[in-house]
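The values are calculated or read from the model by the stated rules, or taken from the named source; none is laboratory data. This one's a predicted model, so the numbers in the text were calculated from it and none came from an experiment. Every residue, glycine as well, gets a Cβ built from its backbone with ideal geometry; the counts of neighbours run over all protein chains shown.
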Amino acid sequence: MVKRSLSMTIVALLFLGTALIQAYEVHVEDVINDPTATYKKAFSIDATSEIWNSTLDNPQLMGQLWEIYKFQPPYKVTKVDTGIHVSDPSGITGDIRQVGQSDHARTFYGTGTFDHWAVPSFFTANGVVMFEYRTDRDKLSVEVNIFMRGDNGISRFVMNIFSGILTRHINDRIDNNLKNMKKIIEDIANEPQKIRNALTGQLLNDFDEVFPVTEITPAESQNLSSNL
């Protein structure tokens, strides 16, 4: 029972794995300055900073596209007054909001809770996700930093005990999430009509509002005929 509980605790933490020189709210600063676990990765993406910023500024739309692509885990993303609410089948739930932005950076703050019989009710965690990026030739060079901190002493104690296992699981899950996120954004940048062909109703309207239709030549239209 204890082993199962701790395993689910580690899985639950993976949910938090959304210009850095700016003032944040006190609780956001606490996570950045005294994290229990961290993650850092640099990668490049074939998209403009304008498209990248538009995707980060519309996380609910990104969540709906994630469902269309059938990526795993199947996150459910809904809009709330302060940002977005996210859940997945394991019982992980969280609220994420943007707390900082500039032309070349976005920062998000998230709080995670868990609805599972094997996860202790006292276990909660907070996270800060920072994206910094710059144009590098024809691509965007991105660096993401993630800081996670248990919301109470017991949570931090458990996270520290299992720091090695936790770090490996965080790396695996976030690496996969970033890979899928990159795929969606590069399709938006290079094959937007392919995405439009898979959308209907309000979701299509929302996509066109964020990413307006541009003129497509006949040759480009033929290249975009494949399905998602």
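Couple of notes before you dig in:
- Flag for THR200 being at negative phi, modelled with pLDDT under 95, β-branched (Val, Ile, Thr) and surrounded by fewer than 18 Cβ atoms within 10 Å (Cβ to Cβ): no
- In this structure, ILE188 does not qualify as part of a helix (DSSP H, G or I), crowded, with 17+ Cβ neighbours inside 10 Å, under 14 Å from the mean Cα position of the chain (by Cα) and of a type outside the set (Ser, Thr, Tyr).
Results for (1) among the basic types (Lys, Arg); (2) modelled with pLDDT of 95 or more; (3) closer than 17 Å to VAL129 by Cβ, shown as yes or no for each residue.
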position: ASP57; (1), (2), (3): no, yes, yes
position: LEU65; (1), (2), (3): no, yes, no
position: LYS79; (1), (2), (3): yes, no, no
position: VAL86; (1), (2), (3): no, no, yes
position: GLY94; (1), (2), (3): no, no, yes
position: ASP103; (1), (2), (3): no, no, no
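- Residue check for PHE43: at pLDDT 90 or above, touching an Asp or Glu at 6+ places or on another chain (Cβ under 9 Å), of a type outside the set (A, V, I, L, M) and surrounded by fewer than 17 Cβ atoms within 10 Å (Cβ to Cβ): yes
- Of all residues in region 112-136 being modelled with pLDDT of 80 or more and farther than 15 Å from VAL99 by Cβ, the one that is nearest to the chain's Cα centre (by Cα): GLY112
- If only residues of region 63-79 that are in a strand (DSSP E or B) and β-branched (Val, Ile, Thr) are counted, the one that is farthest from ILE174 (Cα to Cα) is THR78.
- Verdict on ILE146 being in a helix (DSSP H, G or I), modelled with pLDDT of 70 or more, touching a Ser or Thr at 6+ places or on another chain (Cβ under 9 Å) and surrounded by 14 or more Cβ atoms within 10 Å (Cβ to Cβ): no
- Scanning region 60-80 for residues that are touching a strand residue (DSSP E or B) at 6+ places or on another chain (Cβ under 6 Å) and closer than 18 Å to LEU204 by Cβ turns up GLN60, GLY63, VAL77.
- The set of residues in region 50-62 being surrounded by 15 or more Cβ atoms within 10 Å (Cβ to Cβ) and assigned to a helix (DSSP H, G or I) consists of ILE51, TRP52, ASN53, SER54, THR55, LEU56, PRO59, GLN60, LEU61, MET62.
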